[in-house]
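Read-outs: derived from the displayed coordinates by stated rules, not from any lab. Bear in mind that the values here come from a model prediction, so they are computed numbers and not experimental data. Virtual Cβ from ideal backbone geometry, glycine too; neighbours counted across all protein chains shown.
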Amino acid sequence: MEIINTGQAGTVESSDCIITVSPSENGMEINIESTVKLQFGDHIRDLIIDFFNKKGIVNVSLFINDRGALDYVILSRLESAVLQASGYKEGL
Amino acid sequence: MNPWGFTERELKNEEDLEKLKVFLSSFDLVYEDSVDYTILILDNENEIIAAGSLFRNILKGLAVNQDYQGDQLIDYLVSHLISVAKEKGYYHYFIFTSPQMAESFKYLGFNEIARAEQMAVLLEYGNQNIENYYSIMKEKTSADYSLEGAGIVVNCNPFTNGHRYLIEYASQREKRVHVFVLEEDLSTFPFETRLMLVREGTKDLGNVFVHPGGSYIISSAIFPAYFLKTEDAKTLAQAKLDVKIFANYVMRIFNLSARYVGEEPYCMVTSCYNKAMMEELLPLGKKLIIIPRKQISGEVISASHVRKALRENDFTKIASLVPETTLKFLKSAEAKYIIEKLKNKESRH
């Protein structure tokens, strides 16, 4: 899978997160803002890297603004943003 | 649909507008006419309990009634406005608000860029930030940054001998001159054309670097009055915000110690802007150098004169006002539609 444009999903509401992914030329650039960054910043990063690895995404720039979202919320927002960014339109 | 079951709808009539203005005034916010979209949240008695507006990627007029502030309505409103802006292709957002309201947005992940005391605060959020934006621009430009340089901000609608004179004047006195061309596309000449004409017209000046201004220099996010052409207290606040951003980010990142500007005898908004520069730059130890405008047969050269001559098809006059590079463009087929557009409207910038 390849990131060819910008995709974004989520909200800034409590227990949610908003994720923006866009193309990159230098591998993975991951920028995390989180209300629980101190406790879970590394965990969120691992979650995202693991997701990209599984999808075979190498070049991507990601920005997540997390308001205390649980893992599966983060993953579904991530999936949605990535689908938009890879040019997938149907069903979104 | 919101989770509280409140009525939620777009602003639709004069009555709504009057109510909204009253509502916003209690948060030190002013309703501005440059708005694409406004959402209202109403209680059972049809009174506004929360509201927010959008102009392109700029969120403004966001407020929630005190009695409902624990309900996370502000999170909801911001999310809603972001999703509306996103549908239009924006992934980077500004919030223009009052100092009173600014804190609640920081909590949502927005970062403060600048504030004009007691008046206005600008925050941003998204896949770009001001520090990165100008740092990347700086890295891409191979200049010797160890020596202090100077900055100039221009609109160049289009590039004239007057602009050329100002830039050349600075380039002879400074080690390095960075020219920033306003990116906002509200002028007659589109941004790409204005940028190209400045680049072409200053090519021979080895120490001059021409850059796009980005969304942070005299943009409609920061300085709507410049484009609305209004002249009031708000104009000065916005002008100050703009000058602060230029000084605190652009001048710092590019190592610039002076800003050169042309004297402004005609335009009230621009002369108000020059006043803001004087008040903001000097305390920061930056120089402001105001150059009298270049004249030709007793009249200052102004881009508005070029536009006037274009409307009148007076190419003899134009040839006396603009450099060869601009003249060549104005005579090209590419310029035809711009000139047509010009003939159909009257505007100051």
(request) Using only C-alpha positions, report the orientation-averaged shadow area of the convex hull of the protein assembly as shown, nm², one decimal. (result) 24.1 nm²
(request) Report the calculated FRET efficiency for A:ASP50 and B:TYR107 (r = Cβ-Cβ distance, R0 = 25 Å), to the nearest 0.05. (result) 0.30
(request) Would you order A:TYR72, B:TYR133, B:TYR260 from fewest to most other beta-carbon atoms within 10 Å of each residue's own beta-carbon? (result) A:TYR72, B:TYR133, B:TYR260
(message) For chain B, take the longest principal axis of its alpha carbons; what is the angle in degrees between that and the long axis of helix B:268-281, to the nearest 10 within 0 to 90?
(response) 90 degrees
(request) DSSP loop (so not H, G, I, E, B), at most 12 other Cβ within 10 Å: list which GluC sites (Glu not before Pro) in the stretch B:305-343 pass both filters. (result) B:GLU312
(request) Sticking with the crude label model, points 7 Å out along Cα→Cβ, report the distance from B:ASP144 to B:GLU8 in nm, one decimal please. (result) 5.9 nm
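For the cross-link pairs B:LYS294/B:LYS331; B:LYS88/B:LYS244; B:LYS244/B:LYS343; B:LYS19/B:LYS60; B:LYS60/B:LYS240; B:LYS317/B:LYS345, which exceed 27 Å when the distance is taken from alpha carbon to alpha carbon? Don't jump to the answer; show the numbers that get you there.
Working: B:LYS294/B:LYS331 24 Å; B:LYS88/B:LYS244 29 Å; B:LYS244/B:LYS343 36 Å; B:LYS19/B:LYS60 16 Å; B:LYS60/B:LYS240 18 Å; B:LYS317/B:LYS345 20 Å.
Flagged as over cut-off: B:LYS88/B:LYS244; B:LYS244/B:LYS343.
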(request) Indicate, rounded to the nearest 5 percent, the antiparallel portion of the DSSP beta bridges found entirely in the stretch B:148-299. (result) 5 percent
(message) Assuming 0.36 nm per residue, please report the length gained on full extension of the stretch B:ASN44 to B:ILE289 beyond their Cα-Cα distance.
(response) 82.4 nm
(message) If you restrict to DSSP beta bridges whose two residues both lie in the protein assembly as shown, what percentage is antiparallel, to the nearest 5?
(response) 55 percent
(request) Rounded to the nearest 10 degrees, what's the angle between the helix A:37-55 long axis and the longest principal axis of chain A, both from Cα atoms, 0 to 90? (result) 20 degrees
(message) As an exercise, use a Förster radius of 30 Å and the Cβ-Cβ distance of A:SER15 and A:VAL58 to find the FRET efficiency, rounded to the nearest 0.05.
(response) 0.45
(message) Just to confirm the filter: which GluC sites (Glu not before Pro) across the stretch A:10-63 are DSSP coil and have at most 15 other Cβ within 10 angstrom of their Cβ?
(response) A:GLU25
(request) Within the stretch B:54-156, list the trypsin sites (Lys or Arg not before Pro) lying in a DSSP loop whose Cβ has at most 11 other Cβ atoms in a 10 Å radius. (result) B:LYS88
(message) If each DSSP helix of 4+ residues adds -39,500 (n - 2.57) and the sum is divided by the residues in chain A, what number results at 222 nm, nearest 500 deg cm²/dmol?
(response) -12500 deg cm²/dmol
(request) Classify the stretch A:1-50 as rounded, prolate or oblate, taking a ≥ b ≥ c as the square roots of the eigenvalues of its Cα gyration tensor: rounded when a/c is under 1.5, otherwise prolate if a/b is larger than b/c and oblate if not. (result) oblate
(request) Go through B:LYS138/B:LYS286; B:LYS12/B:LYS275; B:LYS86/B:LYS234; B:LYS138/B:LYS275; B:LYS286/B:LYS336 and tell me which ones have a Cα-Cα distance over 30 Å in this structure. (result) B:LYS12/B:LYS275; B:LYS286/B:LYS336
(message) I'd like the orientation of helix B:161-173 relative to chain B: the angle between its Cα long axis and the longest Cα principal axis, in ° from 0 to 90, rounded to 10.
(response) 80 degrees
